[in-house]
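A.B. asks: Structure in structure tokens, see below.
No lab work stands behind these numbers, since they all come straight from the coordinates. Being a predicted model, the structure only gives us computed values, none of them experimental. Note: ideal-geometry Cβ built from the backbone for every residue, glycine included; neighbour counts use all protein chains shown.
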Amino acid sequence: MVSHKQNSLMDFKMNFPHVNDPTLRGLYAEAIKGFEMNLKELLPYFQLAPVPTRNASPEDLTAFFAAHLLICAKTSVRNYAIAIAETATPSLRATLTKQLVKMIQLHSKVFYFMLERGLYPSYNLEQLLANDAKNAQMAIQM
């Protein structure tokens, strides 16, 4: 959840200067403030996590871009599964199933890309928590 929040917060902040509609700009500002507050409230729970071993510079956004893609793929898999369960048309179900399989394959590729580069240490809970805490701080400070 923290990973999703920090990734979304960074995305909102990067896109905020390009939002021209005043109402939408206000909604973005509200979302940014809300996500920052959520992360600040969650960060104290990470105090026992060790310092991560990967020391990427704040300018290196590879982890952000990869996580954004992974989150999108993961959300798409969930949404495809729901759509498949709810459709009554066999041909549409077949199309959605084909697209679901492709999205699962994309998710797998992005996951292994991140795992191989130390961007998503999914098998090391302490490092995963440390990375989430570090990335949340970076998102707040943007």
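A.B. asks: Note down the nm distance, to one decimal, between modelled labels 7 Å out along Cα→Cβ at Arg117 and at Leu61.
C.D. replies: My value for the distance between the label points is 1.3 nm.
A.B. asks: Quick check: residue separation of Ala88 and Glu30 times 0.36 nm, minus the Cα distance between them. What number comes out in nm?
C.D. replies: Result: 17.0 nm gained on full extension.
A.B. asks: Right, here's the next one. Determine, for Leu61, Leu70, the number of other Cβ atoms within 10 Å of each Cβ, and report the residues in order from fewest to most.
C.D. replies: Leu61, Leu70
A.B. asks: If each DSSP helix of 4+ residues adds -39,500 (n - 2.57) and the sum is divided by the residues in the chain, what number results at 222 nm, nearest 500 deg cm²/dmol?
C.D. replies: Counting only the DSSP helices, I get -25500 deg cm²/dmol.
A.B. asks: Over the alpha carbons of segment 78-139, what is the largest minus smallest coordinate on each principal axis, giving the biggest first in Å?
C.D. replies: 46, 21, 19
A.B. asks: Are there DSSP H segments in the chain that both extend 20 Å or more along their axis (alpha-carbon positions) and score a mean Kyte-Doolittle hydropathy of at least -0.5? List them, or say none.
C.D. replies: Result, helices passing both filters: 22-42, 62-86, 90-116, 125-141.
A.B. asks: OK, next. Mean-square fluctuation check for the chain, GNM, Cα pairs under 10 Å: which of Asn38, Asn15, Asn131 is largest?
C.D. replies: The residue with the greatest mean-square fluctuation here is Asn15.
A.B. asks: Sticking with this structure for a sec: Given Ser91, Val77, Tyr120, which one lies farthest toward the positive end of the charge dipole of the chain, if we put +1 on the Cβ of every Lys and Arg and -1 on the Cβ of every Asp and Glu?
C.D. replies: The listed residue farthest towards the positive side: Ser91.
A.B. asks: So, one more: What spacing in nm lies between the two simple spin-label points modelled at Ala81 and Thr95, each 7 Å away from Cα in the Cβ direction?
C.D. replies: Between Ala81 and Thr95, the simple spin-label model gives 2.3 nm.
A.B. asks: In the chain, what is the volume of the convex hull around the alpha carbon atoms, normalised per residue and reported in Å³?
C.D. replies: For the chain, the hull spanned by Cα atoms encloses 141 Å³ per residue.
A.B. asks: For the pair Leu42 and Ser108, how long in nm is the line joining their label points, each one 7 Å along Cα→Cβ?
C.D. replies: 2.8
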